[in-house]
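Structure record follows, encoded as structure tokens.
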Amino acid sequence: MKYIKKKLTIDNIPVQNIAKKFNTPTYCYSYSQLKNNINSFKKNFKSFSPLICFAIKSNTNVNLIKEISKFGLGADVVSIGELMKALKAGIKPNKIVFSGVGKTSEEINFAIKKKILLINAESKSEIFEIERIAKKNKKSVAVGIRFNPNVDAKTLSQISTGKKENKFGIGEKEFLELTKYIKKSKNLNLKCLSVHIGSQILDVKPYENMLLALNKIIKKTNHSFEYIDLGGGMGIDYKNDNKKLNLKKYSQNIKKFLKNYDSKIIFEPGRSIVGNIGTLISKVTYIKEGHKKNFIILDVAMNDLMRPALYNSKHRIIPAVKIGKKVKKTYEFVGPICESTDKFLTINNFQKLAEKDLVVICDVGAYGMSLSSNYNVRPKAIEILIKNSKIKVINKRQKLADIV
Ligand code: LLP
């Protein structure tokens, strides 16, 4: 994304042109950014060539997943619906891992029939259920156990998953018992140890602590795991202040860790693959002048982009056309929904805006569209992909008639 002659462009196409053609709100993804992200992810970890399973939950657009699969990535899924989408996008079952604390019998059955790489179980009951279904199908099923390392990911509490008070994974004592149990089972094949401590992690230290905890537990199990699935969670630079996770350091730590084991590493990144490829183009509906601040009422709302309302997360907002002149007002960018949390950002010294102006909300490729809803009976936005200077509609705008 860059300004060319004061006009904001995405892969050289002016945002104004996109809005004119497709209207607003529009989710716009950049293929070139996607390609960069995947290649740099691979490069960072190339010394041990991991299996990279894209976390489908971060962006569930089948056409986008198709593009991702062409780079050789697999998928991390957490429901039968996500599994179906991954398969539909052409991802081979032997590159799919299934995570989540509440897989139903139907979901387990489907995953077994499709012969996916791994079902990563998160409780004793789930292991028993997988075993029961495997037995019924006369199969031996490859499983992993998700370990809860009791590590603080130092991220938002709402997206922290590796502490013992979180519902995810299994603590040490039960992990050891389950390992013994699975090793004796005829219908289960213990192939993987998995872990995922949280999302939007910017500090490498929690990952170091996670690896230490893994070392400890693997030694105690005395089992040779074919796979070690380290989950995802790599954070991105939402503030545009260059505070990034030190992937090189993380990679070196893993390399060191692997000296003791003959295991293949799996990653489940979502945000770091698609977070910065997406922008949400929006139009100013009204400007409501207040005493101390002006409300910039946009045509996007919390139903389109839920992250600010859910986690108070901040996504940069920038104008589609730069006029340079700043105003000494406070602008509060809000949506039209009848909730006070339907707001995106408060900015001082933004350029002067007028009604019908276009603005862009940045870095919404992950957990943007995938968390959207029809709240307030608002149709879901159109999704487009810019690839090789061409615009492809990868998901049509929902028709009002279809949701009414
Ligand atoms: N693996 C597992 C088991 C997960 O639970 C998650 C994310 C991932 C991988 C991918 O994590 P990532 O690389 O994207 O950080 N809605 C929140 C994020 C929730 C993440 C849930 N789990 C947000 O908008 O920030």
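The values are calculated or read from the model by the stated rules, or taken from the named source; none is laboratory data. Every value quoted in this text rests on a predicted model; they were computed, and no experiment measured them. Cβ: placed from backbone, ideal geometry, glycine included. Neighbour counts: every protein chain shown.
Quick rundown of the values:
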| read-out | value |
| --- | --- |
| Subset of the range 148-171 (residues that are within 11 Å of the ligand (Cβ to nearest atom) and within 12 Å of residue 213 (Cβ to Cβ)) | 162, 169 |
| Qualifying positions in the range 391-404 - of a type in the set (D, E, K, R) and farther than 16 Å from residue 277 by Cβ | 396, 397, 399, 402 |
| Close pairs (8 angstrom Cβ cut-off, 6 or more residues apart or separate chains): assigned to a helix (DSSP H, G or I) in the range 229-258, among the acidic types (Asp, Glu) anywhere | 253/208 |
| Selected residue (criterion: nearest to the chain's Cα centre (by Cα)) from residues of the range 285-314 that are over 17 Å from residue 331 (Cα atoms) and among the charged types (D, E, K, R) | 307 |
| Count - residues of the range 172-207 that are touching a Leu at 6+ places or on another chain (Cβ under 8 Å) and away from the ligand (no atom under 16 Å from the Cβ) | 4 |
| Some residue of the range 369-390 being part of a loop (DSSP other than H, G, I, E, B), modelled with pLDDT under 95 and more than 16 Å from the ligand (Cβ to nearest atom) | yes |
| Residue check for residue 142: away from the ligand (no atom under 16 Å from the Cβ), under 25 Å from residue 73 (Cβ atoms) and among the small types (Gly, Ala, Ser) | yes |
